[in-house]
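Only one structure is covered here, and it is reproduced in the block below.
Just so you know, all these numbers are worked out from the coordinates, no wet-lab data involved. Computed from a predicted structure; not experimentally measured. Backbone-built Cβ (ideal geometry, glycine too); neighbour counts: all protein chains shown.
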Amino acid sequence: MEKEDARKQSREVLHERRKQVIRMRRKGMPVMQIVEYSGLGGSAVNAAITRYPTAAAPALKPAARGKKQGSGRLLSESQESAVRKIICDKRPEHLKMGFALWNRATVMRWVERECGIKLPVRGVGNYLIQLPHQ
């Protein structure tokens with residue numbers, strides 16, 4: 001069987017493959033034969049076999065991939081809500097900013113002035129996308 005990249009498989013498929021590895025190992029198959037039949041790499045097979053005796057079936061379930069939701073944010077929740085409130089309630093000219101409308105540059109300057117945090121333009125755009133649309 002040809003080896004497949006486990007990173008491209010869904011978590012459910014990978015979980016089933018790991019359970020299959022444990023079933024083959026219980027039948028007494030050697031690791032290299034399991035690698036050949038399962039299509040997983042040797043390190044993935046060894047990891048499943050090592051994990052299983054200590055924590056049983058839950059240890060075989062793959063963890064969520066990627067960054068955790070909300071990680072890497074520079075503004076706290078209270079700061080985010082303050083930005084939302086200001087954008088929804090006031091215009092930049094009311095805050096003596098010299099602009100008529102809110103845009104990324106204006107929000108970036110206001111956050112730097114009020115919160116002391118310098119956000120990148122892309123980050124400001126991400127925050128603005130999350131604002132409720134009215």
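Applying a threshold of 28 Å to the alpha-carbon distances of 19/68; 27/67; 8/118; 67/118; 67/96; 8/67 flags 27/67; 8/118; 67/96 as lying beyond it. Each semi-axis of the equivalent ellipsoid for the chain is √(5λ) with λ an eigenvalue of the Cα gyration tensor; in descending order they amount to 54, 13, 11 Å. Sorting 7-14, 106-113 by their mean Cβ neighbour count within 10 Å, with the most densely packed peptide first, gives 106-113, 7-14.
Only Cα pairs under 8 Å and at least 6 apart count here; give the relative contact order of the chain as a rounded whole percent.
Details: 93 pairs, mean separation 22.7, N = 134.
That works out to 17 percent.
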